[in-house]
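Shown next, in structure tokens, is the structure this report addresses.
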Amino acid sequence: MCVFCSIARHEIETNTVFENENIIAFLDMAPINEGHVLVVPKAHFLDVDEMPDELLHEITDVSKKLVSSIKKVYNPDGYSIMQNGGKFNDVGHYHMHIFPRYDNDGFGWTESGKEQRADADVADKIRWNL
């Protein structure tokens, strides 16, 4: 059973910050920083490209409102919005992370150290498959 589907059905208690008929947003149980929120569609999807456009737009609208609220509450130096797909989605249900950021908070991207291409051929491959 999917834990986020159970949360959407209120079978598991969370600290909910927003809810409507399509989306539930709640505090992450292992926050990067205080105020870390997960935005989750109530319907089960793994990846962003599986969702109807209307739902994705609604998630974006809710995310925008949550960013404004987080800015008011925490006065952060910035914020991050991120989503992991495929096997990197450790829950198996689409979710968007939103969390306040601060100088020296320890969160950051790591790079593989491998040489990566960012040339016209790479751009062409992606563009041709749109």
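Annotations
- Residue check, E58 part of a loop (DSSP other than H, G, I, E, B), at pLDDT 95 or above and of a type in the set (D, E, K, R): no
- For region 92-104, the candidate set comprises residues that are at negative phi and either loosely packed, with under 15 Cβ neighbours inside 10 Å or polar (S, T, N, Q) (or both); within that set, the residue that is nearest to the chain's Cα centre (by Cα) is Y102.
- Summed over region 6-45, the residues that are more than 16 Å from I59 (Cα to Cα), more than 15 Å from the chain's Cα centre (by Cα) and either open to solvent by 40 Å² or more (accessible area, probe 1.4 Å) or of a type outside the set (G, A, S) (or both) give a count of 9.
- Within region 105-130, the residues that satisfy the criterion of being loosely packed, with under 10 Cβ neighbours inside 10 Å and closer than 30 Å to S69 by Cβ are G106, G108, W109, T110.
- Within region 61-91, if we keep just the residues that are in contact with a helix residue (DSSP H, G or I) (Cβ under 9 Å, 6 or more places away or on another chain) and assigned to a strand (DSSP E or B), the residue that is least open to solvent (accessible area, probe 1.4 Å) turns out to be I81.
- Filtered by the rule that a residue be more than 19 Å from N84 (Cα to Cα) and in contact with a strand residue (DSSP E or B) (Cβ under 8 Å, 6 or more places away or on another chain), region 8-34 gives A8, T14, N15, T16, V17, F18, E19, N22, E34.
- Total residues in region 92-123 satisfying the condition of being in a loop (DSSP other than H, G, I, E, B), within 30 Å of H44 (Cα to Cα) and touching a residue at least 24 places away in the same chain (Cβ under 8 Å): the figure is 5.
- Meets criteria (surrounded by fewer than 16 Cβ atoms within 10 Å (Cβ to Cβ) and in a helix (DSSP H, G or I)) for D49: yes
The values are calculated or read from the model by the stated rules, or taken from the named source; none is laboratory data. All values derive from a computational prediction rather than experimental measurement. A quick note on method: Cβ atoms are made from the backbone with ideal geometry, for glycine too, and the neighbour counts reach across all protein chains shown. The protein model used for the area step is the full one, side chains on, heavy atoms only, and it has no ligands, DNA or RNA in it. Shrake-Rupley method; radii C 1.70, N 1.55, O 1.52, S 1.80 Å.
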